Amino acid sequence: MIAPTILSQMWSTLTGRSRPLLTLAEIEAACTVLGYTYVGRQMVQLNQIRGSASPARCYDFDADFRLLKVHNESRWARISAARQRGAKLPPVALIRVGDIYFVEDGHHRISVAKTQREQEIEAEVTVLQISGPLPWEDHAPVLA
């Protein structure tokens with residue numbers, strides 16, 4: 001198997017760019033945070049996980065959770081090997097905002113699951129309640 005960092009570097013070279021992860025800090029800066037509510041353990045679709053609660057991790061993974069830094073490869077490889085052996089890994093920790101999720105813990109596990117073409121992952125989920133539009137929503141007036 002080709003190391004994920006090499007694949008993401010090839011993708012970045014071919015396209016000239018990689019899409020960054022969304023960051024929870026953008027939401028907290030743009031919206032009023034009303035509170036957090038823990039909603040428990042559940043299965044989450046991997047394609048709904050689009051960001052990170054850690055600003056530093058936004059530089060370690062792209063929007064498809066491909067590795068961007070070589071220093072993360074050995075950890076990624078250990079998690080991948082454990083998954084291939086059938087090891088039960090702990091659930092990831094996610095924060096839901098609207099219909100998307102931000103990773104608190106489990107970036108590498110999500111990356112491995114996506115690479116192995118899994119559709120969902122077990123997660124401990126907390127919902128962030130906010131007021132105001134999300135930064136990526138288009139709230140331009142509709143002209144008749």
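The values are calculated or read from the model by the stated rules, or taken from the named source; none is laboratory data. Remember, it's a predicted structure, so these values are computed and weren't measured experimentally. With ideal geometry, Cβ positions are generated from the backbone for all residues, glycine too; neighbour counts draw on all protein chains shown.
The figures follow:
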quantity	calculated
Odd one out for Arg83 among (1) part of a helix (DSSP H, G or I); (2) within 16 Å of the chain's Cα centre (by Cα)	(2)
Residue match in region 128-140 (condition: modelled with pLDDT of 95 or more, closer than 22 Å to Val33 by Cα and surrounded by fewer than 18 Cβ atoms within 10 Å (Cβ to Cβ))	no
Any hit, region 32-42, residues being of a type outside the set (A, V, I, L, M), out of contact with any Cys (no Cβ under 8 Å at 6 or more places or on another chain), in a loop (DSSP other than H, G, I, E, B) and farther than 18 Å from Pro20 by Cβ	no
Search result, residues across region 96-124 that are under 18 Å from Asp62 (Cα atoms), crowded, with 18+ Cβ neighbours inside 10 Å and not hydroxyl-bearing (Ser, Thr, Tyr)	Phe102, Val103, Glu104, Gly106, His107, His108, Arg109, Ile110, Val112, Ala113, Lys114
Given (1) at pLDDT 85 or above; (2) surrounded by 13 or more Cβ atoms within 10 Å (Cβ to Cβ); (3) in contact with an Asp or Glu (Cβ under 9 Å, 6 or more places away or on another chain), number of the condition Ser8 does not satisfy	(1)
Conditions (1) surrounded by 11 or more Cβ atoms within 10 Å (Cβ to Cβ); (2) modelled with pLDDT of 90 or more; (3) closer than 20 Å to Glu124 by Cα; number of the one not met by Lys88	(1)
Region 48-79, subset in a helix (DSSP H, G or I) and in contact (Cβ under 8 Å) with a residue 60 or more places away in the chain, residue surrounded by the fewest Cβ atoms within 10 Å (Cβ to Cβ)	Val70
Qualifying position, being modelled with pLDDT of 90 or more, closer than 24 Å to Ser131 by Cβ and more than 17 Å from the chain's Cα centre (by Cα), among Tyr101, Tyr38	Tyr38
From the options Ala113, Ala93, residue that is modelled with pLDDT of 90 or more, within 12 Å of the chain's Cα centre (by Cα) and farther than 20 Å from Thr23 by Cα	Ala113
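Condition check ((1) closer than 23 Å to Ile27 by Cβ; (2) of a type in the set (Ser, Thr, Tyr)) across all residues:
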residue	(1), (2)
Ser52	yes, yes
Tyr59	yes, yes
Phe65	yes, no
Lys69	no, no
Arg78	no, no
Gln84	no, no
Ala93	yes, no
Gly106	yes, no
Val112	no, no
